[in-house]
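Comments concern the structure below.
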Amino acid sequence: MILNLSDDEILDILMTSDFNDKLKIEEYVFLVFKFRQFYKVLYGNHQLYKIHSESERKELSENLIAKTKELVLTQIDRANLENKMEQLLKPRKLSWRERISGRINNI
């Protein structure tokens, strides 16, 4: 009798049966209710997985945006430092005061 079977055996019957067996109406109703129960569990697991993957995707995209902004700021800082270095290393004519005192006023 189907009513005495375990959930795994019932799931196996639901997945492999052609339903040509001579079952009573109560047993068919029982199988439909069990199918609904299994479906609710699987659908709930699917929804949890979907919500979890969407939240992970959102978190990863936010991290990517933050890292991109950080990279741009770092590149800007690097370019500014390179410009300052180029200005300091560029040969220029010294004034008489700078030559006599030994100090450069632009540093």
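The values are calculated or read from the model by the stated rules, or taken from the named source; none is laboratory data. Please read these numbers as outputs of a predicted model, since none were measured by experiment. Reconstructed Cβ throughout: ideal geometry from the backbone, glycine too, with neighbour counts over all protein chains shown.
Tell me, which residue of the stretch 10-57 that is acidic (Asp, Glu) and part of a helix (DSSP H, G or I) is surrounded by the most Cβ atoms within 10 Å (Cβ to Cβ)?
Applying the first criterion (acidic (Asp, Glu)) to the stretch 10-57 yields 12, 18, 21, 26-27, 54, 56.
Still in the list and also part of a helix (DSSP H, G or I): 12, 26-27, 54, 56.
Values: 12: 12, 26: 11, 27: 14, 54: 10, 56: 10.
Here the residue is 27.
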So, first residue of a type in the set (Gly, Ala, Ser) in the stretch 34-58, second residue in a helix (DSSP H, G or I), Cβ within less than 7 Å, six or more apart or across chains; the pairs are none
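Would you mind stating whether residue 18 is at negative phi, under 39 Å from the mean Cα position of the chain (by Cα), at pLDDT below 95 and among the acidic types (Asp, Glu)? Reasoning before the result, please.
Details: at negative phi: yes; under 39 Å from the mean Cα position of the chain (by Cα): no; at pLDDT below 95: yes; among the acidic types (Asp, Glu): yes.
Here the answer is no, as residue 18 does not meet what is asked.
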